[in-house]
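Before any comments, here is the structure.
The values are calculated or read from the model by the stated rules, or taken from the named source; none is laboratory data. Fair warning: this is a prediction, and the values are worked out from it, not measured in the lab. Glycine gets a Cβ as well: all are built from the backbone with ideal geometry, and neighbour counts include every protein chain shown.
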Amino acid sequence: MTPRTTDWWRHAAIYQVYPRSFADGNGDGIGDLAGVRSRLDYLHRLGIEAIWFSPWYLTPMADAGYDVTDFRQIDPRFGTLAEAEKLIDEAHQRNIRIIVDVVPNHVSNEHAWFLAALDAAPDSPERELFWFRDGRGESGELPPNEWQSIFGGPAWTRVPDGQWYLHLFAPEQPDLNWRNPLVRDEYEEVLRFWFDRGVDGIRVDSAAMCSKDPALPDYDHTVFPDPHPYVDLDENHDIYRGWRAVADSYPDKRALIGEVWLADPARFARYLRADELHTAFNFDFLGCGWDALALRACIDQTLAAHAGVEAPSTWVLSNHDVTRHVTRYGRPDTSTAAGIRQYNPVVDEDLGRRRARAAALLTMALPGAVYIYQGEELGLPEVENIPADRRDDPIYHRTQGKDPGRDGCRVPLPWDESTETYGFGPAGADRPWLPQPTAWAQLNAAAQESDPASMLRLYHTALALRGEEPALGDGPLTWLPAPEKVLAFTRGGGFTCVINLSEAATPLPPNSTVLVASQPLTGALLPPDTGVWLRTF
Ligand code: NOJ
Ligand code: CA
C-alpha cells in the first residue's frame with residue numbers, strides 16, 4: 001500500500017493502542033511493549049497506516065498513565081526506552097507510522113516539578129509552574145473558587161501549608177501554568193525528544209484546556225460562559241503555533257493531532273489553521289448515535305468547518321474514554337448524543353454489532369483520516385459488570401459509581417484460545433488488571449481471522465480496499481439522492497457508499513457492483529442497518 005501523499009495524516013487509518021490492555025508480553029497481567037511488538041504483524045495484516053499509543057511514560061497510574069512523572073522515560077510496567085525505540089523501528093519497517101500521546105494540561109503529582117513546588121514556599125518560582133492559590137474563608141479553608149473536577153469533586157486540593165492547587169482532573173494531576181515560559185520550553189523539548197526518536201505524530205491530550213484565565217473566576221456550571229475561564233482560551237493557539245514550528249523544523253512530515261472537545265465547529269476549526277495543529281478528533285460524530293439525520297448533519301458541518309481551514313476531517317467511533325460503540329448502538333434508544341458514557345442495562349449486542357459493521361464502512365468511506373480503537377475490529381462490546389473492587393478508573397471512584405467510568409472499554413483484548421487470558425498474557429500469567437468476560441472466548445482475534453464473516457475480516461477487507469481506492473481518504477464527497485434514513489454518497493471515481501439506517505430494505509443504485517457489504521445482500525436490496533461500498537458505472 002503506497003501512501004497517497006506525504007501528508008499522511010490527511011488520509012491515514014490510525015489504530016489506537018491502549019498499551020495497558022493490548023497484549024501482555026511478560027505475564028504480569030498488564031499489557032506492555034513486548035506484547036505490542038509481538039502483535040505488529042497482526043496490525044500490519046489489518047491494514048492500518050499508523051498507531052497512536054496512549055501514554056507509555058513513567059507514571060503512578062492514578063489516571064492510567066495520563067498522569068506523567070517523566071515524559072522521557074517509559075514506565076517499567078511497559079518496558080524500556082530502548083524497547084520503545086525498537087518498536088518505532090519495527091513499525092516503520094512495516095510502513096506503520098507512530099503517534100505518541102503528550103499531556104500538556106497537567107503532570108503527575110510525582111513529577112519533579114510538583115515535588116519541588118510542594119517543598120517550596122507560596123509565591124515561589126516552583127509554585128508558579130502550577131496554579132497555587134490561597135483559599136477563601138476566614139482561614140483559607142475554602143477552595144479558591146467553585147470549579148469542579150471533570151472527574152467529580154472539587155478541582156482544588158489543599159497542601160499542608162494551607163495553599164490550594166488546581167487540578168481539572170484528579171488530585172494526582174496538578175494543572176500546569178502555561179503562562180510560564182519554562183512550561184512552554186519544556187514541552188517543546190519533549191516534542192523534540194520523541195521526534196528525534198522517529199515518532200511521526202503527537203496526540204495532544206485535552207488540547208483546548210491548557211490556558212486559564214489567571215483571575216480564576218467562578219462561573220455558573222449550568223451554562224457555558226463565553227469566554228469560559230479555562231475552555232478554549234485564545235492563548236492556546238499561541239502554544240500550538242510554537243509546537244507547529246517544532247514539527248515543521250523536521251524535514252519529513254510530523255503531525256500534531258488534537259483532542260479538542262468543543263461544541264462549536266467554527267471554534268474547533270481555529271485549532272486547525274495552517275500554523276497550528278494538523279488535525280483533531282471529531283467527537284461530535286461519535287456522539288450522534290445511530291441516527292441518519294444527525295449523522296448527515298454532523299458530516300456536513302464537519303466538512304464545512306474543516307474546508308474553511310483546509311484541514312482534513314477525522315472520524316472516530318470509539319476510544320478509551322467512551323462506551324464501546326457496539327454497546328452504544330445496541331441500546332434501544334440510540335438517538336441522543338447524551339450517552340457516550342453511561343450504564344447500559346438493556347443492550348441488543350447483535351443489533352449493536354450489525355450497526356457497528358455498517359458504521360465501519362461509513363467512517364472508512366468519509367473524507368479524511370479514520371481512527372480505530374483497539375478491539376473495535378473484534379466487535380468487542382463494553383464490559384458492564386466489572387465488580388466495584390476491580391474498577392480502576394478515578395471517574396468511577398470520584399463519582400461514587402454514578403458515572404460508570406471507562407474501565408468497561410479498557411478490558412484486555414482476547415487474542416486466541418491458548419491461555420486462561422485468551423492469549424492476552426502467556427500461559428500461567430497473572431490475572432489481567434481488569435477481568436475479561438468469558439463470552440470473549442468466542443471473540444478472539446485468531447478465531448476471527450479464520451472466519452470470513454467476522455468483524456475482523458470486514459475490517460481487513462475494508463481497510464485494504466480503502467488503501468487501494470484513490471478516491472478514498474482526503475478529497476470531495478457528494479451526497480446522492482436517497483430514501484429517508486439512508487445515507488448515500490459518492491467519492492468520485494465510481495465509488496459509492498450507501499448506509500441504510502432505516503427499518504426497510506432499500507434498493508441499491510442501478511449499474512453498480514458490490515465491493516464490500518457489511519451483511520450478506522439478497523438481490524439488489526440493502527437490508528436495514530447495513531452498509532455497502534459499490535463501484536458504479
Ligand atoms: C483525555 C484522555 O483521553 C483521558 O483518558 C484522560 O483521563 C484525560 N484527558 C486527562 O488527561
Ligand atoms: Ca506485562
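Please verify whether the range 459-466 includes one or more residues that are more than 27 Å from TRP415 (Cα to Cα) and outside the structural domain of ALA307 (by TED's automatic domain parsing).
No, because not a single residue in the range 459-466 is more than 27 Å from TRP415 (Cα to Cα) and outside the structural domain of ALA307 (by TED's automatic domain parsing).
Here is a list: LEU472, LEU487. Which entry is aliphatic (A, V, I, L, M) and not in a loop (DSSP other than H, G, I, E, B)?
LEU487 is the lone residue from the list that is aliphatic (A, V, I, L, M) and not in a loop (DSSP other than H, G, I, E, B).
Of all the residues that make up the range 247-292, how many are of a type outside the set (Phe, Trp, Tyr), at pLDDT 95 or above and more than 18 Å from ILE14 (Cα to Cα)?
Final tally of qualifying residues: 12.
Could you check, for the range 117-129, whether at least one of its residues is outside any loop (DSSP other than H, G, I, E, B), of a type in the set (A, V, I, L, M), closer than 13 Å to ASN180 by Cβ and under 33 Å from the mean Cα position of the chain (by Cα)?
Scanning the range 117-129 turns up at least one residue that is outside any loop (DSSP other than H, G, I, E, B), of a type in the set (A, V, I, L, M), closer than 13 Å to ASN180 by Cβ and under 33 Å from the mean Cα position of the chain (by Cα).
Hey, can you tell me all the residues within the range 226-261 that are outside any loop (DSSP other than H, G, I, E, B) and acidic (Asp, Glu)?
GLU235, ASP238, ASP248
Looking only at the range 388-412, count every residue that is of a type outside the set (Gly, Ala, Ser) and over 23 Å from PHE22 (Cβ atoms) and tell me the total.
Looking only at that region, the number is 7.
Counting only residues that are in contact with a helix residue (DSSP H, G or I) (Cβ under 7 Å, 6 or more places away or on another chain) and polar (S, T, N, Q), how many does the range 42-80 have?
Here the count works out to 2.
Looking only at the range 59-94, count how many residues are of a type in the set (A, V, I, L, M), away from ligand 2 (no atom under 15 Å from the Cβ) and within 15 Å of HIS106 (Cβ to Cβ).
Total meeting the criteria: 2.
Condition test on ALA121, is it aliphatic (A, V, I, L, M), more than 16 Å from ligand 1 (Cβ to nearest atom) and surrounded by 21 or more Cβ atoms within 10 Å (Cβ to Cβ)?
Criteria not met by ALA121.
Filter the range 15-49 for residues that are away from ligand 2 (no atom under 14 Å from the Cβ) and of a type in the set (D, E, K, R); which is nearest to GLU90 (Cα to Cα)?
ASP41
Is it the case that the range 108-120 has a residue that's in contact with a Leu (Cβ under 6 Å, 6 or more places away or on another chain) and within 16 Å of ligand 2 (Cβ to nearest atom)?
Looking for residues that are in contact with a Leu (Cβ under 6 Å, 6 or more places away or on another chain) and within 16 Å of ligand 2 (Cβ to nearest atom), one finds none in the range 108-120, hence no.
Here are some residues: PRO160, PRO144. Which one is in a loop (DSSP other than H, G, I, E, B), crowded, with 18+ Cβ neighbours inside 10 Å and away from ligand 2 (no atom under 16 Å from the Cβ)?
Answer to the check: PRO144.
Is at least one residue of the range 72-79 within 14 Å of PRO19 (Cβ to Cβ), within 12 Å of ligand 1 (Cβ to nearest atom) and either crowded, with 20+ Cβ neighbours inside 10 Å or in the same structural domain as ASP393 (by TED's automatic domain parsing) (or both)?
Looking through the range 72-79, none of the residues is within 14 Å of PRO19 (Cβ to Cβ), within 12 Å of ligand 1 (Cβ to nearest atom) and either crowded, with 20+ Cβ neighbours inside 10 Å or in the same structural domain as ASP393 (by TED's automatic domain parsing) (or both).
Residues checked against (1) surrounded by 13 or more Cβ atoms within 10 Å (Cβ to Cβ); (2) more than 26 Å from the chain's Cα centre (by Cα); (3) part of a helix (DSSP H, G or I); (4) at pLDDT 95 or above:
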| position | (1), (2), (3), (4) |
| --- | --- |
| GLN448 | yes, no, yes, yes |
| PRO452 | no, yes, no, yes |
| HIS460 | yes, no, yes, yes |
| LEU463 | yes, no, yes, yes |
| GLY467 | yes, no, yes, yes |
| PRO510 | no, yes, no, no |
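Would you check if there is a residue in the range 81-99 being within 14 Å of ligand 1 (Cβ to nearest atom) and buried (at least 21 other Cβ atoms within 10 Å of the Cβ)?
Yes, the range 81-99 contains at least one residue that is within 14 Å of ligand 1 (Cβ to nearest atom) and buried (at least 21 other Cβ atoms within 10 Å of the Cβ).
Is it true that PRO60 is surrounded by fewer than 20 Cβ atoms within 10 Å (Cβ to Cβ) and within 15 Å of ligand 1 (Cβ to nearest atom)?
Answer is yes for this residue.
Okay, residues lined up against (1) polar (S, T, N, Q); (2) in contact with a Phe, Trp or Tyr (Cβ under 8 Å, 6 or more places away or on another chain):
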position: THR80; (1), (2): yes, no
position: LEU87; (1), (2): no, no
position: VAL107; (1), (2): no, yes
position: GLU110; (1), (2): no, no
position: TRP147; (1), (2): no, yes
position: VAL159; (1), (2): no, yes
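For VAL223, indicate whether it is surrounded by 14 or more Cβ atoms within 10 Å (Cβ to Cβ), out of contact with any His (no Cβ under 7 Å at 6 or more places or on another chain) and outside any strand (DSSP E or B).
no
Considering each of ARG94, ARG133 in turn, give the residue that is in the same structural domain as THR399 (by TED's automatic domain parsing) and either touching a helix residue (DSSP H, G or I) at 6+ places or on another chain (Cβ under 8 Å) or of a type outside the set (A, V, I, L, M) (or both).
ARG94
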